[in-house]
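Colleague: Sharing a structure here in structure tokens format.
The values are calculated or read from the model by the stated rules, or taken from the named source; none is laboratory data. These numbers come from a predicted model, not from an experiment. Neighbour counts run over all protein chains shown; Cβ positions are idealised from the backbone, glycine included.
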Amino acid sequence: MEKIVEDCFFIAGSEMSSNIYILKDKKFTIIIDTGDGGVEIKEKPDFVFLTHGHFDHTGGVREDWGENWDVFLRKEDFIKGFPYHTPKNAKELKVNHITIGSFDLDFIHTPGHTPGGITIFEKNRKILFTGDTLFSDGWIGRTDLLGGNEELLFKSLKTLVVRFASDETRKGVEKDGMDIPLNVRGLFKDSISIFCPGHGPPLKL
């Protein structure tokens, strides 16, 4: 487990597993994505938030965390069929914002890779967790699997740019559209400190 910044840790995913992010302050432990189960998460979290329903992000949820665990996934991703895996007792994520201890989390619906995909922004530390919507190298998640939609994914990218990019950059995107790969560092450096994708290394901006 690697420390990214104070209270934020990172376990790198393998070829078939997502990254695992752990937010931990003096009172609470939050996990964002759990990988495919190949890496044991040793301590029980207070909350788990899954960026989407694919098995490589949800498979690490452990049943021995108890029947009343707080594991959340948007309802659109409670899908039966490959590559989805809904953990037992997972709950529907119904809120757009929550404060847990020192963590102030915004949940931004970013469909396209999956119908219920989310991006999570930790506002106090300015950390953005994008799941498989957007990666550090500017490439985007695939849309050819069950529930994928390229048009929705590009709308989700625009949502992120409109919220987090500078005024000048935002106006350019709204006028001329977006070229892939995106310049993640250039787009988000003024509003985000750390960019944390579902696969590949985090990027300090």
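Colleague: Checking the condition β-branched (Val, Ile, Thr), modelled with pLDDT of 95 or more and under 29 Å from VAL162 (Cα atoms), which residue from ILE100, ILE11 passes? Even if it seems obvious, please write down each step before you answer.
Modeller: On the way: ILE11 fails: under 29 Å from VAL162 (Cα atoms).
On inspection, the qualifying residue turns out to be ILE100.
Colleague: Could I ask something else about it? Quick check on the stretch 58-74. Is at least one of its residues in contact with a strand residue (DSSP E or B) (Cβ under 9 Å, 6 or more places away or on another chain), surrounded by fewer than 18 Cβ atoms within 10 Å (Cβ to Cβ) and among the basic types (Lys, Arg)?
Modeller: No.
Colleague: Out of the stretch 94-119, which residues are out of contact with any Gly (no Cβ under 8 Å at 6 or more places or on another chain), part of a strand (DSSP E or B) and not aromatic (Phe, Trp, Tyr)?
Modeller: HIS97, ILE98, THR99, ILE100, ASP104, LEU105, ASP106, ILE108
Colleague: Of (1) more than 22 Å from ARG125 (Cβ to Cβ); (2) in contact (Cβ under 8 Å) with a residue 40 or more places away in the chain; (3) among the aliphatic types (A, V, I, L, M), ILE30 satisfies all except one. Which?
Modeller: (1) is the only condition that ILE30 fails.
Colleague: Going by what's in this entry, would ASP77 be described as of a type in the set (Asp, Glu) and touching a residue at least 24 places away in the same chain (Cβ under 8 Å)?
Modeller: yes
Colleague: May I ask you to verify whether LEU145 is at pLDDT 95 or above, buried (at least 18 other Cβ atoms within 10 Å of the Cβ), outside any strand (DSSP E or B) and among the hydrophobic types (A, V, I, L, M, F, W, C)?
Modeller: Judged against the criteria, LEU145 is not a match.
Colleague: Of all residues in the stretch 149-180 being outside any helix (DSSP H, G or I) and modelled with pLDDT under 90, which is farthest from PRO111 (Cα to Cα)?
Modeller: Initial filter on the stretch 149-180 (outside any helix (DSSP H, G or I)): 149, 165-166, 177-180.
Checking the rest, the ones that are also modelled with pLDDT under 90 come to 165-166, 177-180.
Working: ALA165: 19, SER166: 23, GLY177: 18, MET178: 17, ASP179: 19, ILE180: 17 Å.
Within the stretch 149-180, the match that is farthest from PRO111 (Cα to Cα) is SER166.
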